[in-house]
Amino acid sequence: MFPANPDGALLDAYSQTIVGVSKSVSPAVVQIKVGKKAIPSRNNRRQQPYGTGSGFIISSDGFIVTNSHVVNSATKIEVVLQDGREFNAQLIGEDPATDMAIVQINGENLRAVRFGNSDELQVGQLAIAIGNPYGFQYSVTAGVVSALGRTLRSESGRLIDDVIQTDAALNPGNSGGPLMDSQGRVIGVNTAVILPAQGLCFAVSSNLAQFVAGNLIISGKVRRGYIGIAGQTVPLNPRSVSYHQLTIKSGVLVQNVEPDGPAYNSQLAAGDIIIAFEDSPVHSIDDLHRLLNEGTIGKRSELTILRQGKKEKVAVIPAEMR
């Protein structure tokens with residue numbers, strides 16, 4: 001007979017938590033099968049590319065959250081539920097900047113999950129991932145929230161803010177699946193894995209995911225501002241930093257200005273270095289992307305720039321990015 005394990009009760013509680021979350025959430029987790037346009041191969045045979053991913057139902061009328069990279073350029077999207085039912089799905093909208101997408105199915109008796117508040121997360125708390133890695137349906141892994149507030153570059157080139165890092169094991173096919181807390185609430189959308197590393201997995205935070213999902217359901221896209229420039233991040237001259245008492249050491253060099261674009265930007269010129277947008281510091285092109293949100297569209301805004309060593313303010317009116 002094995003000796004009593006003093007940690008047995010704790011292990012049982014841990015196991016029971018994961019079992020409970022898995023049972024309650026799995027019916028809302030789906031496998032997504034995607035067909036894409038055939039690509040000619042070297043021997044002129046047309047190969048039909050396909051892919052799989054994960055997603056989760058967020059409403060009884062069939063809206064499903066997944067990753068943009070899972071469904072991008074899809075010619076056909078199929079959704080498989082845990083109970084074996086299969087549906088053709090319609091792409092409602094996608095946002096490559098956050099790697100988020102919404103698809104919809106028309107079905108009855110659909111189980112949905114609810115979002116948690118990612119602002120309340122703490123490093124070290126339990127994180128449970130459910131998905132379909134390598135096609136192995138409804139695989140469950142558990143770990144902890146390893147870090148908060150990470151940034152991750154999406155396939156579109158933009159940075160995704162407020163990303164959760166977890167060591168709950170993820171693999172290709174987990175993309176788009178939910179990251180859950182111990183109460184079975186979605187705290188993140190699994191989006192990326194660093195394959196050569198061990199335990200480096202990332203999820204878009206639930207608060208950002210919920211905001212993007214709402215916009216995609218309502219309008220099919222997320223609106224962002226655009227000022228019609230080509231720019232790059234450059235280091236600032238230390239003398240300028242000292243002279244102007246700047247809190248940043250880099251800015252965005254304006255390389256080119258679209259003179260006839262949809263945005264008002266005629267006060268800008270090539271060679272200007274943008275260091276602030278409406279008094280918010282801009283030390284990189286990613287800062288500028290983040291600040292050009294929906295609220296800036298059509299609104300007269302003020303840029304602080306360095307022009308030939310002098311600090312000046314110029315006006316722009318961002319247009320909507322197409």
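The values are calculated or read from the model by the stated rules, or taken from the named source; none is laboratory data. It should be emphasised that the depicted structure is a prediction, and the values quoted were computed from it without experimental measurement. Counting neighbours? That spans all protein chains shown, and the Cβs are built from the backbone with ideal geometry, glycine included.
Evaluate the stretch 186-197: report whether one residue or more is in contact (Cβ under 8 Å) with a residue 40 or more places away in the chain, of a type outside the set (A, V, I, L, M) and surrounded by fewer than 22 Cβ atoms within 10 Å (Cβ to Cβ). No: zero hits. Annotation note: of L200, L179, the sole residue that is in contact with a strand residue (DSSP E or B) (Cβ under 9 Å, 6 or more places away or on another chain), modelled with pLDDT of 90 or more and not assigned by TED's automatic domain parsing to the domain that holds V65 is L179. Taking the stretch 42-160 as the region of interest, the strands (runs of 3 or more DSSP E) fully inside it that hold 1 or more residues being in contact with a Phe, Trp or Tyr (Cβ under 9 Å, 6 or more places away or on another chain) and of a type in the set (A, V, I, L, M) are 50-57, 63-66, 74-80, 90-95, 100-104, 126-131, 139-153. Please tell me if R290 is assigned to a helix (DSSP H, G or I), out of contact with any helix residue (DSSP H, G or I) (no Cβ under 6 Å at 6 or more places or on another chain) and free of Cβ contacts under 8 Å to residues at least 24 places away in the same chain. Answer is no for this residue. When T247 is tested against (1) under 12 Å from the mean Cα position of the chain (by Cα); (2) without any contact (Cβ under 8 Å) to a residue 40 or more places away in the chain, just one condition goes unmet, and that condition is (1). Taking the conditions (1) within 24 Å of R290 (Cα to Cα); (2) more than 16 Å from the chain's Cα centre (by Cα) in turn, T151 satisfies each one other than (2).
Take the conditions (1) free of Cβ contacts under 8 Å to residues at least 60 places away in the same chain; (2) among the aromatic types (F, W, Y); (3) closer than 16 Å to M321 by Cα; Y226 misses just one of them, which is (1).
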